[in-house]
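Notes for the one structure printed next.
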Amino acid sequence: KKKKNSFLHILKKGIKIEKLHNTGIGPHPLKNASNLFPEITYALLTSTEIGSGKLIGVDSVDKQAMADAAKFCQVNEFFWDGIISSRLNLRDFIFEHAGYCLLDFTIIGGQFSLKPSVQVNSESKIDKTIKPFVKCLFTDGNINDLQVSFLSPEERQAFKAVVLYREEKVNGFPETKSLLIRENDVNGSDDLPIETFDLSGFCTSRIQAKYYAYFALRARRLIDHGITFKTAPQYVKGLNPGDYFRLVSEATHTSRFRNGAKTANGTIVSKDPVSASEEVFYWVPGTEGVLSGTLGSIPNGVLFTVKNTTTENKIYKCETISYSEDGLLELSGSYAPVE
């Protein structure tokens, strides 16, 4: 009996890994283990005993980004209480399970990192009232080879989501619970087909199960296309995968946008005539962020596009940035329905 209790005590303590969200070794609620997916990911990428530390190592992981992601999971009650019982492709595993925690798995500057897929407030709590920060502006004047790919109707089929998760009791048997979630603002949602997401192998949070279902339902219905294009390196300063950018192009809109530049001496260079009183979006090369104002009041040396109230502004989430064969940068992004 004493030997058995000793084994259970060791089992509960778990494997010691570095805690990122709180100081020291060991997580909450147990002192020596973690159920926060970013901390588990960090251990798998850096540990030489239980992970790929000999191949990847600490220098190839953005520790601060992982710590921020761990705080995001802790605050929003997103936990990973699962088992890795066989050999697997580590990148595929992290990419898939990061999505269940509403995280993006990125490689930026050669470093692996996780970052929230949704907007959060200063306390890392999910807050859909916060609009994403748009870092760059792309127009017909600074891109080429624009390609748009639309999802098929089958890929955008609306559905009702059934999410399976696990409810646990200390020293007891777990029980699989289910949630049926649909969108109230979709006509005929009662008659939609059901899709099941089995998260019971690792999800022990009802809140996490609900939020994942919400995200999956909205993404399926609202994200309808993706884009790729090429641009010069100076136009993507500060833009990383996971960030947002605005694209205004006559090639993808039924209404014409008037684009141009205001040179260093204040001269307006534009294909179509524009007046100083018109409202524009503009971007200062070498900086981050897209601003707005009247054409006559904006600074010199900027790119601009005239606001058109009859045409929808398109904002995209950056997916990849890579060099193309001609020396330009190739960007891909997915439509981001931020409204």
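The values are calculated or read from the model by the stated rules, or taken from the named source; none is laboratory data. Keep in mind the model is a prediction, meaning the values are calculated, not measured. Neighbour counts are summed over all protein chains in view; Cβ atoms, including those assigned to glycine, are modelled from backbone coordinates with ideal geometry. With ligands, DNA and RNA removed, areas are computed over all heavy atoms of the protein, side chains included. Shrake-Rupley method; radii C 1.70, N 1.55, O 1.52, S 1.80 Å.
Across region 170-184, the qualifying residues are those that are in contact with a Leu (Cβ under 9 Å, 6 or more places away or on another chain) and open to solvent by 40 Å² or more (accessible area, probe 1.4 Å), and the one among them that is nearest to G82 (Cα to Cα) is T176. Evaluated against (1) in a strand (DSSP E or B); (2) in contact (Cβ under 8 Å) with a residue 12 or more places away in the chain; (3) not charged (D, E, K, R), V274 falls short on exactly one condition, (1).
Restricting the first member to region 239-256 and to residues that are of a type in the set (D, E) and at pLDDT below 90, and the second to residues that are open to solvent by less than 20 Å² (accessible area, probe 1.4 Å) and part of a loop (DSSP other than H, G, I, E, B), the beta-carbon pairs closer than 9 Å and six or more apart or on different chains are E250/F257.
Among residues that are within 32 Å of the chain's Cα centre (by Cα), at pLDDT 90 or above and open to solvent by 40 Å² or more (accessible area, probe 1.4 Å), V284 is included.
Those strands (runs of 3 or more DSSP E) of region 103-221 in which 2 or more residues are under 16 Å from the mean Cα position of the chain (by Cα) and either more than 29 Å from L44 (Cβ to Cβ) or not hydrophobic (A, V, I, L, M, F, W, C) (or both) occupy 103-108, 111-116, 134-139.
Restricting attention to region 221-234, the residues that are open to solvent by less than 60 Å² (accessible area, probe 1.4 Å) and among the polar types (S, T, N, Q) total 2.
Inspect all residues belonging to region 179-187 and state whether any of them is closer than 22 Å to A216 by Cβ and among the basic types (K, R). Within region 179-187, one or more residues are closer than 22 Å to A216 by Cβ and among the basic types (K, R). Counting only residues that are open to solvent by 70 Å² or more (accessible area, probe 1.4 Å) and basic (K, R), which one in region 113-166 is modelled with the highest pLDDT? Looking at the filtered set, the residue picked out is K125. Annotation note: Cβ proximity below 8 Å between a residue of region 157-177 that is more than 16 Å from S205 (Cα to Cα) and a residue that is assigned to a strand (DSSP E or B) and open to solvent by less than 80 Å² (accessible area, probe 1.4 Å) (sequence gap 6+ or interchain) occurs for F159/E195; K160/I181; K160/E195; A161/L179; A161/I181; A161/E195; A161/F197.
When each of K317, K271 is tested for being touching a Ser or Thr at 6+ places or on another chain (Cβ under 7 Å) and farther than 16 Å from Y235 by Cβ, the lone residue that passes is K317. Residues in region 279-308 that are in contact (Cβ under 8 Å) with a residue 40 or more places away in the chain and among the hydroxyl-bearing types (S, T, Y): Y282, T287, T305.
Applying the condition of being open to solvent by 70 Å² or more (accessible area, probe 1.4 Å) and of a type outside the set (D, E, K, R) to region 70-100 and asking which residue is nearest to the chain's Cα centre (by Cα) yields F95. Each residue in region 185-220 was checked for being more than 17 Å from P337 (Cα to Cα), of a type in the set (A, V, I, L, M, F, W, C) and open to solvent by 50 Å² or more (accessible area, probe 1.4 Å), and 2 pass. Taken over region 302-339, residues that are farther than 30 Å from I268 by Cα, at pLDDT 90 or above and of a type in the set (V, I, T) amount to 2.
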